[in-house]
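Have a look at the structure below, then the notes.
The values are calculated or read from the model by the stated rules, or taken from the named source; none is laboratory data. As the structure is a computational prediction, the values presented were derived from the model and not from experiment. Positions of Cβ are generated from backbone atoms using ideal geometry, with glycine treated the same way; all protein chains shown enter the neighbour counts. Just the protein is used for accessible areas: all its heavy atoms, side chains included, with ligands, DNA and RNA removed. Shrake-Rupley method; radii C 1.70, N 1.55, O 1.52, S 1.80 Å.
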Amino acid sequence: MKVPEGWKRGALENFAEIRTGVAKGKSGLKNPITVPYLRVANVQDGHINLDEVKEIQIEEHQLERYSLKVGDVLMNEGGDFDKLGRGDVWLGQIDPCVHQNHVFSVRSNSNLLNPFYLAALAASHYGKSYFISCSKRSTNLASINSQQIKAFPVLVPPLPEQQKIAKIFSTWDQAITTCEQLLANSQQQKKALMQQLLTGKKRLLDDNGVRFSGEWTIKRLGSVAVMNSGGTPKSSVPEYYGGGIPWVSIADMTKSGKKISSTDKTLTEEGLQNSSAKMYPKNTILFTMYASIGECSIAETELCSSQAILGIRPKAELYYEYLYFYLSSLKEEVKLKGQQGTQSNLNAAMVKDFKIPLPNYAEQQKIAAVLTTADREIEGWQTKIAALKQEKKALMQQLLMGKRRVVIDPAQHQPA
């Protein structure tokens with residue numbers, strides 16, 4: 001590619017020192033000291049995660065050699081393709097702190113390369129493409145070594161331009177972080193609201209502005225809903241697949257979330273007839289019993305499912321969205337109910353025995369409406385975060401490749 005005017009292109013080792021970390025598991029250490037250290041898990045996803053920092057023993061004289069300094073860019077040796085080489089700038093959150101030999105510390109020359117600019121370049125499409133191209137790959141993972149990091153062909157604008165670009169990205173990151181915090185607040189508020197509304201601790205107002213009253217009843221789910229699991233036609237018979245009948249898998253539920261109207265795979269009428277799959281009407285609650293147990297979705301159209309999914313059709317006294325929210329609130333508890341084997345499973349009999357507290361139908365609808373409003377707020381923040389990340393990604397591609405240049409105030413460009 002053409003190097004933008006005024007920029008340089010060269011191996012990273014010409015602009016920074018690439019430092020390897022301390023190896024774990026050495027014995028017979030002289031004058032050992034115990035210090036915190038960062039592993040691949042701490043820098044795996046493009047930012048430094050300090051939720052779980054382990055400790056390692058090193059010899060006291062090694063502390064200076066392996067200690068991180070403010071401004072070091074941490075890059076991981078291996079991981080998922082999309083995360084390979086991605087890192088972040090160390091801000092001195094823990095002092096002292098060392099890094100494992102599977103995490104590289106890149107200490108840039110402050111007169112040549114801004115660390116925040118470097119971290120953004122490594123995380124960009126340009127950086128990821130380079131690391132993937134030279135990596136050692138297996139089915140789902142890849143790894144790189146120090147020589148490949150040293151050879152990373154960095155694009156280096158003048159330092160003031162690097163600083164301006166890094167500042168722009170920081171502003172975007174702050175906006176994303178703020179939205180993520182607001183999303184977390186909304187999710188926590190919804191969780192608290194569910195605990196109050198689905199247990200009757202908090203009662204809502206009816207259409208006349210009068211607070212709901214009266215005792216709730218506890219019912220066995222099997223007495224207020226009809227349910228059955230689905231089935232899977234033989235995959236070796238192509239005539240069973242590709243028709244117009246939506247066929248729900250756990251992957252469809254994970255991808256779609258609350259409501260499902262379309263699926264990756266569909267069945268033909270012949271496929272439906274030659275399996276134990278049954279058609280579920282609109283507003284059936286889909287509930288996973290295998291693998292990712294306790295996941296819930298609502299069928300927005302008539303469809304069928306695999307045997308890993310239970311289709312639950314509420315009877316007249318049970319509102320379908322109230323059932324959805326109640327089952328969703330049981331997710332963690334349901335995991336404990338799973339039968340232990342190679343993986344945790346449920347069966348229809350166990351789900352029929354679930355106990356569900358029931359207010360009258362009108363109150364169920366009000367509860368569902370309030371929680372649906374909370375869902376919309378959460379979805380709004382998720383959409384905004386996704387849009388901000390996409391816009392930042394597009395801007396990174398332009399700024400880091402020099403396709404779009406920033407304006408530098410000459411007064412800020414002081415001679416070295």
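Remarks
- Residue-by-residue Karplus 3J(HN,Hα) for the stretch 278-283, coefficients 6.51, -1.76, 1.60, Hz, glycine and proline x: 10, 6, 9, x, 3, 6
- Potential lengthening of the chain between E269 and Y361 amounts to 29.5 nm, from the contour at 0.36 nm per residue minus the alpha-carbon distance.
- Fluctuation leader among V89, V237, V43 - the chain, Gaussian network, Cα springs under 10 angstrom: V237
- Accessible surface ranking that places the most exposed of S276, S305 first, with a 1.4 angstrom probe: S276, S305
- Alpha-carbon centroid distance for the pair the stretch 133-207 / the stretch 1-21, whole angstrom: 26 Å
- N145/Q62 FRET efficiency (R0 25 Å; Cβ-Cβ; nearest 0.05): 0.70
- Mean-position separation - Cα centroids, the stretch 269-339 and the stretch 377-405, in angstrom: 36 Å
- Annotation: per residue accessible area for the chain equals 52 Å², rounded to a whole number [probe 1.4 Å, protein chains only].
- For the stretch 123-276, convex hull volume per residue from C-alpha positions, Å³: 286 Å³
- Working from label points 7 Å from Cα in the Cα-to-Cβ sense, the Q187 to R404 distance is 2.9 nm.
- Accessible area of the chain belonging to carbon and sulfur atoms, whole % at 1.4 Å probe: 49 percent
- For the stretch 250-265 versus the stretch 30-68, the inter-centroid distance based on Cα atoms is 42 Å.
- Nitroxide proxy distance, nm - points 7 Å out along Cα→Cβ at S27 and T372: 6.5 nm
- Label of the coordinate-derived value, Cα extents along the principal axes in Å, listed as (1) 105, 50, 32; (2) 78, 57, 53; (3) 63, 59, 47: (2)
- Check: the stretch 1-130 dipole with +1 on Lys, Arg Cβ and -1 on Asp, Glu Cβ, in debye: 360 debye
- Of all segments of the chain bounded by GluC sites (Glu not before Pro) found in a DSSP loop with no more than 15 other C-beta atoms within 10 Å, the longest spans 53-214.
- Close amide-amide hydrogen proximity is noted between K219 and I356, L358, each under 5 Å apart and 5 or more residues distant or on a separate chain (H modeled in the peptide plane; Pro and chain starts excluded).
- Electrostatic tally near K352: other residues with Cβ closer than 12 Å to its Cβ, Lys and Arg +1, Asp and Glu -1, net +2.
- Assuming charge only on the beta carbon of Lys and Arg (+1) and of Asp and Glu (-1), the dipole of the chain about its Cα centre is about 240 debye to the nearest 20.
- Selection from A277, M227, T266 lying farthest towards where the dipole of the stretch 197-296 points positive, charges on Cβ: M227
- Between E55 and Q382, the modelled labels are 4.0 nm apart [label points 7 Å from Cα along Cα→Cβ].
- Helix 320-329 vs. the chain, principal-axis angle (Cα, 0 to 90°, nearest 10): 50 degrees
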